[in-house]
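Below is one structure, written out as structure tokens; the observations come after it.
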Amino acid sequence: MHNYSLPVYGMKCSKCVARVTEIIEQFPEVDSVTVSLPDAAAEIVFSCSETPVSDIINRLVEAGFSCSGSAPDVAGADVSTASGTGSLPFADETEILRFPVSGMHCASCVATVEKRIRQLSGVSSVAVNLATNSAQVVFSPGVVTASDIYQAVDNAGFKAVREGDQIEDRSGLEKRLVFLAAGCAVPIMLLMYFPVFGAATLTVNALLASVSQFTAGLGFYSSAFKSLRNRSANMDVLVALGITAAYGYSVLAFCGFLGAGASVFFETSAMLILFIRFGKWLEARAKGRASAALKNLLQLQPTTAILLTDGNEQQVDVETLQPGDVVVVRPGEKIPVDGEVVAGESAVDESMITGESVPVHKDIGAKVIGATMNHSGRLLIKATSVGQQAVLAQIVRMVENAQGDKPPIQRLADRISGIFVPVVVILSGLTFAGWLVAGRDFLFAFQMAVAVVVVACPCALGLATPTAIMVGSSVGLELGILFKKATALELISGLDILLLDKTGTLTYGRFRCEEIVQVGDLPLDEWFALAASLESASAHPLAKSIVSEAQQRGLAITPPSAVIERGGHGLTGKINGVDVLCGNRTLLEKSGIKVEVADLPDLPGGSSAIFAAVSGKLQGIICLVDEIKSDAAGFVGYIQRLGIEPVVVSGDRRSAATRVADLLKIEKIEAEVLPEHKQDVVKRYQQRGHKVGMVGDGINDAPALAQADIGIAIGSGTDVAKETGDLVIVGDNLTDIARAIVLGRLTLLKIKQNLFWAFFYNLLGIPLAAGLFFPWFGLYLKPEFAGLAMAFSSVSVVGNSLLLRRSKMRLKHIE
């Protein structure tokens, strides 16, 4: 056996971890491998003296990863051939660029922006969000620059908002345009019934309609021109066609070009502009409310802090703080940075991060999170993470990425919106021709055709999914549930199998010694002290429990040497030159220590057994029992009622896993599963046709989390930066997983409702506007009311999404 640590650079997420693990495991000489994303390293245990490190490095480089510098010679392996010079070139990195885009009005605008960005070389993916008016681009900076992406958006007729640019206030702008449009349209309507200017009234109406057309309505023309220039057609093309037809016909009639007595309807174009602008204003306000949670979160971060330097307190900007600085936080103040308490104690409200309303006691050594509230005591805090590395910044990026992502259900709306406008124009022409053939007069056919153009708009289709995703992810954010991708909100609703890692997920991971069994001839205190000394080199919960028990017994802990930790098996090392081994029976047998089952005493049922050997001879067995979390039973029962089958996954003995499963009434158990084999368990269930969720710590279980349809990482708020998977539960509450599943189902339901209403409006509105019900029921839509109906279709979709916020209280009451 040979232990080797290989640096691996270029890993970005759990998928990368899974890929690196898969590549290394393909080598038959590899006994086990543990890949760490935070440490950018792979810990490899080789089963023989021949270690193909150079081949592994070559394979990783081919896959797009990198190993810094030349690898040291291990067991005679020549690794300098990996790059030809002894050092490895870094693979092309990708970056994520997220920026606001102004000028988008509907799903067709979104499609145009995405198309223009996607045409650039070096762009891996692009997602444009109508609800947030933003674009999210993954690109290779060595091939394309951020400036190129901005320019592509500008060339498409929209405005890419660069860093430092003033972001346009859509709600305020639309409000001003509504008042401008109303100032023209309302007098026209009044003058139609009260012609106070006599013969000149028609001229006044023409002037008012012209003002409206080329002020409040000018934006429709500008947007339509840009869209047509890009060989696409957005909703503003339809609006421009409608208001131009109504206004243009009225101008021609007013000037006498259509013969004496020809009707004019200046009120139609003026009211059409007013109603559409009014709808856009309501839509902008609703979208602002939908994104309020993320804006509120950003405002939580304090802007100043009290820096302690040589005993002197000084108020400084938070942006100037560096890791290692010590800040003073008084009662009632917000904690300015992520850090560690070095003096004082207090209760800290972490509800804005974890969703838990009960303050958490903090004393020396405790971790704290920036923007949380200090309640009762004065604290001195040493900064550990500031700026973009802080937990709050990490959370904001996660939520922004989720809101910028597109779930699969959105693809249908995207495909339809791409052909929607040309189809509507064709239907409008058919409506006009049909009524003329049916013997109706030109004006009637013309108004029907204009109404068809105006009532049909892909706005609602473009807003149906992103607004629901935005509200759903915001509700999750307030509850300490972070969806890293919009896809997760959709996919989590379809889970039917949930794999639950036992230690640290269903249990607290705080083991206690149930029994210490004497087997060999060494005194118990002697061999137990040696075992605890060896375990002191490990951070595993079992190891910590053994060290704690030894300390309680007053036994001396001696620093070990030559320690090798074998993932899932145990430890070997030396204590003052004496060989010591602690681990499972597999490790004993691989080390040549024979264990006869018949010679072993009966062990407590359901305990985790650690075999301790000294100088190649078994001396004793340490039996440890883990405590099941208080909310585990309620959580398991709830997800079973949701129709999801829980499965216990554990590297422990089957008896230990069975004990937990029996207490929680879980039928399926996957026991004695090594960390590197958990991914295979996920695959097995997927191959049976199940939609699989995996719950783990987000680091050790990275391959399994990446393989699962939904990877769910549980960890404290300070570990957010390390978490992997599609969903992060910031706190340590299992019930939050049930809340996430219910929230995903509610969000998907809202998306389906929105898409239904978006389609329903058009399926009903277009025939009504075309006059299909007129011959039998006398029902039809005037163009101005068609515009109002179109505007309210978007408002209703956004409003329906906002109703998701009502689910917050329902989710809080899930027990």
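The values are calculated or read from the model by the stated rules, or taken from the named source; none is laboratory data. Just so we're clear, the structure is a prediction, and the values are computed from it rather than from any experiment. Positions of Cβ are generated from backbone atoms using ideal geometry, with glycine treated the same way; all protein chains shown enter the neighbour counts. Each accessible area value is taken on the protein alone, full model and side chains, heavy atoms only, with ligands, DNA and RNA left out. Shrake-Rupley method; radii C 1.70, N 1.55, O 1.52, S 1.80 Å.
What the phi angles of segment 687-693 give under the Karplus curve with 6.51, -1.76 and 1.60, with θ = phi - 60°, is a coupling list of 5, 7, x, 8, 8, 10, x Hz, glycine and proline written as x. The charge dipole of segment 165-246, taken about its Cα centre with unit charges on the Cβ atoms of Lys, Arg (+1), Asp and Glu (-1) only, comes to about 180 debye. Taking only protein heavy atoms and a 1.4 Å probe, the accessible area of segment 724-811 is 71% carbon and sulfur. Rolled with a 1.4 Å probe across the full set of protein chains, the surface gives Leu241 an accessible area near 80 Å². Would you work out if segment 737-815 is rounded, prolate or oblate? Take a ≥ b ≥ c from the square roots of the eigenvalues of the alpha-carbon gyration tensor; rounded if a/c is under 1.5, else prolate when a/b is larger than b/c, oblate otherwise. Cα axes put segment 737-815 in the prolate bin. Within segment 244-260, whose backbone N sits under 15 Å from a point 7 Å along Cα→Cβ of Leu443? Within reach of a label on Leu443: 246-260.
Couplings 3J(HN,Hα) of segment 334-347, computed from phi: 7, 6, x, 9, 6, x, 10, 6, 10, 7, x, 8, 6, 9 Hz, in residue order, whole Hz [Karplus 6.51 cos²θ - 1.76 cosθ + 1.60, θ = phi - 60°; x for Gly and Pro]. Within the straight-line cut-off of under 17 Å between alpha carbons, the lysines reachable from Lys617 are Lys574, Lys590, Lys594, sequence neighbours fewer than 8 places apart in one chain being disregarded. Taking the Cα centre of segment 457-514 as origin and assigning +1 to Lys and Arg Cβ atoms and -1 to Asp and Glu Cβ atoms, the resulting dipole is close to 200 debye. Divide the volume of the convex hull around the Cα atoms of segment 417-480 by the residue count and you get 69 Å³ per residue.
Rounded to the nearest 0.05, what FRET efficiency is calculated for Leu642 and Arg397 with R0 set to 35 Å and r the Cβ-Cβ distance? Efficiency, rounded to the nearest 0.05: 0.70.
Taking all protein chains together and rolling a 1.4 Å probe, Thr487 ends up with roughly 30 Å² accessible. Look at the alpha carbon pairs under 8 Å that are at least 6 residues apart: their mean separation over the length of segment 147-241 gives a relative contact order of 26 percent.
Per-peptide packing, taken as the mean over residues of other Cβ atoms within 10 Å, places 581-592, 736-747 in the sequence 736-747, 581-592 from highest down. A 1.4 Å probe over all protein chains sorts Arg440, Arg378 by accessible area into Arg378, Arg440, starting with the largest.
Computed from Cα atoms alone, the Kirkwood hydrodynamic radius reported for segment 491-632 is 15.9 Å. Backbone N atoms of segment 121-147 closer than 19 Å to the 7 Å Cα→Cβ label point of Asp154 belong to residues 121, 134-137, 144-147. Ranking Ser346, Ser147, Ser548 by solvent-accessible area of protein heavy atoms (1.4 Å probe, all protein chains present), from largest to smallest, gives Ser147, Ser548, Ser346. Go through Lys362/Lys812; Lys629/Lys752; Lys484/Lys544; Lys280/Lys484; Lys367/Lys484; Lys485/Lys683 and tell me which ones have a Cα-Cα distance over 27 Å in this structure. Beyond 27 Å: Lys629/Lys752; Lys484/Lys544; Lys280/Lys484. Sorting Ile419, Ile276, Ile516 by accessible area puts them as Ile419, Ile516, Ile276; the probe is 1.4 Å, largest comes first, and only protein heavy atoms count.
Distant-in-sequence amide contacts of Glu645, defined by a placed amide H-H separation under 5 Å and a gap of 5 or more residues or a different chain, comprise Ile497, Leu498. Exposure check, 1.4 Å probe, all protein chains in place: His540 carries approximately 80 Å² of accessible surface. In this structure the amide hydrogen of Gly64, modeled in the peptide plane, comes within under 5 Å of no amide hydrogen from residues 5 or more places off or on another chain. Amide H contacts of Lys629 (H built 1.01 Å from N, in plane; Pro and chain starts excluded): Thr507, Tyr508 sit under 5 Å, all sequence-distant by 5 or more or on other chains.
Across all directions, the shadow cast by the convex hull of segment 153-273 built on its C-alpha atoms averages 9.0 square nanometres. Taking square-rooted eigenvalues a ≥ b ≥ c of the alpha carbon gyration tensor, is segment 529-581 rounded, prolate or oblate, where a/c under 1.5 means rounded and, failing that, a/b exceeding b/c means prolate? Because a/c hits 1.5 or more and a/b fails to exceed b/c, segment 529-581 counts as oblate.
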